[in-house]
1. Provide the per-residue ³J(HN,Hα) series for region B:218-223, in order, calculated from phi with Karplus coefficients 6.51, -1.76, 1.60 and θ = phi - 60°, each as a whole number of Hz, with x at glycine and proline positions.
2. Whose amide H sits under 5 Å from the amide H of A:R74, counting only residues 5 or more places off or on another chain, with H placed in the peptide plane?
3. Need one number: nm distance between label points at A:S38 and B:A174, each 7 Å from Cα along Cα→Cβ, rounded to one decimal.
4. How large is the helix-only mean residue ellipticity at 222 nm for chain A, computed as the sum of -39500 (n - 2.57) over DSSP H runs with n ≥ 4, divided by its residue count, in deg cm²/dmol to the nearest 500?
5. Show the residues, 5+ positions off or on another chain, whose built amide H is closer than 5 Å to the amide H of A:I62.
6. If you take the accessible area of A alone plus B alone and subtract the pair, what total do you get in square angstrom, rounded to 100, with a 1.4 Å probe?
7. Evaluate E = 1/(1 + (r/R0)^6) for A:T99 and B:Q85, where r is the Cβ-Cβ distance and R0 equals 41 Å; express this FRET efficiency to the nearest 0.05.
8. Whole number please: convex hull volume per residue of the Cα set in region A:32-109, in Å³?
Amino acid sequence: MRKTTDLVQGTLDMLILKTLALEPMHGYGIGLRLEQISQGVFRVNAGSLFPAFRRLERDGLIKGEWRATENHRRAKYYALTAQGRATLRRETRQWEVQTAAIARILKMSTSES
Amino acid sequence: MIPLFRRLIGGLRAVFHRERVEQELDEELRGFLQTAADDKVRAGLTESAAMRAARIELGSVEAVKEHVRDVGWESVLEQLWRDVQYASRTLRRSRGFTAVAVISLALAIGFNTTLFTIVSGMGSTPPVDQSDQVVSLTSLDSAGRTVGVSYPDFQDWRHLSQSFEGLAAHSVMAVNLTDRDLAADRVAGAYISATTFSLLREHPILGRDFRPDDDRPGAEPVVIIAASVWKGRYGGDPGIIGRVITANGRRVTVVGVMRDGFRFPTARGGSRSGTAST
């Protein structure tokens with residue numbers, strides 16, 4: 001199995017929401033999209049994806065709906081709810097603030113490394 | 001009782017969630033596997049090799065399902081149930097306190113649903129002519145500080161005392177008037193018992209006085225306003241009686257307007273003070 005980078009704790013939910021902000025997708029599609037956009041840095045396995053879907057659905061941030069796929073199979077498509085959209089906006093903002101702060105701190109110590 | 005409750009919740013969980021959710025999850029995982037295999041076929045693998053590779057990638061289906069179950073809706077119910085258990089345990093341990101809390105809550109609600117009057121410029125003129133016949137009663141604590149009178153004490157005093165024509169209660173407060181179409185105002189006011197004005201031989205110049213009915217818990221909140229408030233804030237609105245205004249965030253109906261210059265209660269001006277110690 002390929003070695004991949006672990007996701008920062010708690011960021012998977014945000015990334016799933018972001019993926020769904022463009023269009024409703026099924027579970028496999030979401031995992032694939034995350035891998036493609038991160039250029040293979042993140043490979044999210046089903047054992048992480050499915051609990052995340054359940055969590056997000058329970059909290060009312062995404063909504064599942066059974067539909068036919070392009071290959072004529074049935075799949076559960078997830079779509080962002082209004083609440084999910086608001087949460088994504090909020091978390092993105094927080095993430096930007098935090099990463100900017102972390103980047104500043106790391107830049108400060110580059111001379112030592 | 002607790003096992004029954006648990007069984008009830010367990011039953012609800014099974015009926016509403018478990019079977020349907022499990023089935024759906026199975027189907028979803030099958031679809032996931034299928035789509036992954038389809039992808040690999042498109043990339044050039046044979047169907048059986050693709051399926052095998054997809055299975056290896058997915059890993060243990062049971063493990064995935066176990067992870068999902070950990071998140072399940074039912075864990076919300078379980079959390080709720082734990083909260084309920086904690087609350088009842090805590091309350092059982094301090095039963096006396098629970099009674100007091102419940103009773104004072106009930107009293108607070110009762111008192112809140114009484115009524116109040118709004119006057120401005122409080123404390124300048126005594127509101128009664130025969131001020132030598134008016135006595136002020138209050139309670140003192142062991143250090144001699146005024147602590148006010150509880151509503152049940154007031155009711156007892158009123159029913160049992162034979163020395164007075166009548167007893168009325170009041171509690172002074174500031175009132176914020178925040179009607180939607182008017183600038184906010186802060187005026188002096190008081191909660192009073194229904195017979196206060198009639199004991200003082202005062203009557204509204206417009207509308208009606210408070211009635212004993214207004215004193216009951218759950219009665220519609222009503223207010224009598226000072227002439228200065230009527231004229232100054234509401235422009236002497238001839239339809240003021242029955243108008244609903246917002247006082248301290250609550251919607252209350254104006255039932256009366258007092259005469260010009262009427263002040264309540266009096267802070268100075270010769271009413272004799274007596275105290276009852278409890």
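1. x, 5, 4, x, 10, 9
2. Correct list: A:T69.
3. 5.6 nm
4. -18500 deg cm²/dmol
5. A:E57, A:T81
6. Numbers: alone 8290 and 17820 Å², together 23910 Å².
Summing both chains' loss of accessible area gives about 2200 Å².
7. Given R0 = 41 Å and the Cβ-Cβ separation, E is 0.50.
8. 133 Å³
The values are calculated or read from the model by the stated rules, or taken from the named source; none is laboratory data. Quantities reported herein were computed from a predicted structural model and do not represent experimental measurements. Quick reminder, even Gly has a Cβ in these numbers, built from the backbone with ideal geometry, and neighbours come from all protein chains shown. Note: areas computed on protein heavy atoms with side chains; ligands, DNA, RNA excluded. Shrake-Rupley method; radii C 1.70, N 1.55, O 1.52, S 1.80 Å.
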